[in-house]
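What follows draws every value from the coordinates through simple rules; no lab data is involved. For clarity, every value in this text was computed on a predicted model and none was experimentally measured. No Cβ is skipped: glycine too gets one built from the backbone with ideal geometry, and neighbour counts run over all protein chains shown.
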Amino acid sequence: MSTQIEHYTKLQAEFQLELTMIRMKLEHLLKRFHRELNMVMNDKRQDVLLILDSYETMAIESATTLY
């Protein structure tokens, strides 16, 4: 029983770390593209292609997987 609790505690800690990393990378993405995202939100006709770095791409994929 104790081993199982330790296992789940470790999984919970790893999950929280993963969520923190995703959150940090998404915050970076939103800061980096703040101007472009505001333009799109204010004028729906303005399409902007965002070039994501590998960390931002991983954050989007991880968030999608967890969702």
Note: among Ala13, Ala59, just one is in a helix (DSSP H, G or I) and in contact with a helix residue (DSSP H, G or I) (Cβ under 9 Å, 6 or more places away or on another chain), namely Ala59
Set Glu36, Glu27, Glu56, Glu61: member being under 13 Å from the mean Cα position of the chain (by Cα) and in contact (Cβ under 8 Å) with a residue 12 or more places away in the chain: Glu56
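Looking only at region 27-34, decide whether some residue is part of a loop (DSSP other than H, G, I, E, B) and either surrounded by fewer than 10 Cβ atoms within 10 Å (Cβ to Cβ) or among the hydrophobic types (A, V, I, L, M, F, W, C) (or both).
Scanning region 27-34 turns up at least one residue that is part of a loop (DSSP other than H, G, I, E, B) and either surrounded by fewer than 10 Cβ atoms within 10 Å (Cβ to Cβ) or among the hydrophobic types (A, V, I, L, M, F, W, C) (or both).
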At negative phi and under 10 Å from the mean Cα position of the chain (by Cα): which single residue out of Met41, Met21 fits that description? Met21
